[in-house]
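The values are calculated or read from the model by the stated rules, or taken from the named source; none is laboratory data. Note that this is a predicted model, so its numbers are computed, not measured. Here the Cβ positions follow ideal geometry from the backbone for every residue, glycine too, while neighbour counts run over all protein chains shown. Surface accessibility is based on the protein's heavy atoms, side chains included, excluding ligands, DNA and RNA. Shrake-Rupley method; radii C 1.70, N 1.55, O 1.52, S 1.80 Å.
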Amino acid sequence: MRIKISKNLPYQILFGLCIGVTYLNIYELNFAVWVFTIAITFKKSYSIDLLKYTSFFVAIFIIAFIATFFYDNSFYESIRDVTYLIKPILGLLVGYQLCRNYDIKPFETIIYTGVAIAIIHLSILMHSVVIYRIVNIHALRMRGGYFSDFEVFSLILIMFYKQLGLVFSTRQFWIIIAILALSSFMYLSRTNFIQFVIFYLAMKGFLSLNKKSIVIFSLFTAFLLIGYSVIYNMNLSRNGKGMEALLFKIKNAPIEPFKTKVDPNDWADFNDNYRSYETIRTVKQVANTGTQAIIFGKGLGATVNMGREVRTNEGTFVRKQAILHNANSTVFLKAGLVGVFFLILSVVYLCRQKKSNIPIVQQINVLLFSTGIFLIVANWVLLGLYLKLDNKSILIGFLMCYRELIIKRSNQELKLNKVNHAT
């Protein structure tokens, strides 16, 4: 019996590899895999939409590169910043180039890649609980990961598979839902919960401006405010276990990024509001450098002196930070206010999708719009597309190419129908 292998299978495997490598938190490996993928999947042409969106990140990089010549930054830090600042560009190209044709089944590829990652995540958690008897939620997150935007995205796709024109049996649907939902929840990530809500509301049509959406959004906002008021007035411990730990993080979430004063000598204040502390130090140090730094940044290799040694997620201790939690602060440090302006434009561009009469294109536009809205949050708390672990840029490039393929096929069918009617 002859087994027929799809021509798209190697590209689907490469897609899974490019997504999966980000979870290893080894940026050198991540960078190498993405560059290798771009090299072997190079396309002859690219859409105007992709080039326009990519141009925002190219502009940020160019500004930072030019600004470097005006400051005495570390050569090593500068080279490392090159790889960090071109990461969104690489991801967009990887995603775009891996979507080879209409038959690659992009949505199914994303869903099954998400399922594979979720199974690995749940296996790690199970192994940690059964073998090492780890039940502390902080220790489990350290082993299994702190978030997974990709799994939440996959979960949304399977939840709305009918809208996306996908075919799954009832059994397949519930199995995939169970795996992705459980794994996504076990990250206990505040940003992932926000991501899920944004995408769910958008796919339901509640983020469109009409009477029904305004009523539902108002009710949802009221529910959130009441819920947060209850949580805020609860006596929660930062060292609590399980649900208490999650509730404490939720309680602190709206305050953490926006404090204008943080006491570095108060462990609780410093630990709970570290993102604000980073931003405060960055703004002060860039402003003290001069007007040129404020407008164009301090270039590649620029760092922020934290005033004390802080522990990184890798377990090392550093005093000078080259990459911050906040994408806006990081871009401000490297490329100034002009760079931040282009970063904001990239979000606006993603949110403003061209209208289409093609149903599947409409759904892709909603997904891209939702990603843009979510990036407002992700840029503030998790470095957005610049994060080492981030893979949303691949998804964006993948969806942009798929949308282009659908529109192209639709136009070809329209022309063919006109010819047939004419004859």
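A few comments on the model shown:
- Contact order for the chain, expressed relative to its length and based on alpha carbon pairs under 8 Å spaced 6+ residues apart, stands at 26 percent.
- Shape of segment 103-210, Cα gyration tensor, a/c cut at 1.5: oblate
- 318, 167, reordered so the largest accessible area comes first (probe 1.4 Å): 167, 318
- Comparing 285, 54, 362 along the charge dipole axis of the chain, the residue lying farthest to the positive side is 362, per the Cβ-charge model.
- Rounded to whole Hz, the Karplus (6.51, -1.76, 1.60) HN-Hα couplings of segment 361-370, x for glycine and proline: 5, 4, 5, 5, 4, 5, 5, 5, 4, 4
- Unpaired by the 4.7 Å Cβ criterion, cysteines found in the chain: 18, 351
- The residue 166 and residue 376 beta-carbon pair, evaluated with R₀ = 25 Å, returns a calculated FRET efficiency of approximately 0.30.
- Cα-centred dipole magnitude for the chain, charges only on beta-carbon of K, R (+1) and D, E (-1), debye, nearest 20: 1060
- The figure for residue 174 is an accessible area of roughly 150 square angstrom, using a 1.4 Å probe on the protein chains alone.
- When the pairs 52/162; 355/408; 355/388; 52/320; 7/105; 44/408 are compared against a 24 Å limit on Cα-Cα distance, 52/162; 355/388; 52/320 fall above it.
- Sites residue 146 and residue 409 - FRET efficiency at Förster radius 30 Å, r taken between beta-carbons, to 0.05: 0.15
- Whole-percent carbon and sulfur share, accessible surface of segment 264-312, 1.4 Å: 49
- Here the Karplus curve 6.51 cos²θ - 1.76 cosθ + 1.60, taken at θ = phi - 60°, turns the phi angles of segment 111-124 into couplings of 4, 5, 5, x, 5, 4, 5, 5, 5, 4, 4, 5, 5, 5 Hz, with x standing for Gly and Pro.
- Surface composition of segment 118-177: carbon plus sulfur atoms contribute 67% of the solvent-accessible area (1.4 Å probe, protein chains only, all chains present).
- Spin-label model, residue 185/residue 316: points 7 Å from Cα along the beta carbon direction are separated by 3.8 nm.
- A 1.4 Å probe run over the chain, with the rest of the protein chains in place, finds 52 Å² accessible per residue.
- Farthest toward positive dipole pole in the chain [+1 Lys/Arg, -1 Asp/Glu at C-beta], among 374, 71, 32: 374
- Length-normalised contact order of segment 289-404 in % [C-alpha pairs under 8 Å, at least 6 apart]: 24
- The listed residues 190, 171, 409 rank as 171, 409, 190 when sorted by accessible area, largest first, using a 1.4 Å probe.
- Here segment 1-79 has 71 percent of its accessible surface on carbon and sulfur atoms, given a 1.4 Å probe and all protein chains in place.
- Computed per residue of the chain from DSSP H runs no shorter than four, each worth -39500 (n - 2.57), the mean residue ellipticity at 222 nm is -22000 deg cm²/dmol.
- Candidate residues 204, 7, 355, 388: accessible-area rank, largest first, probe 1.4 Å: 355, 7, 204, 388
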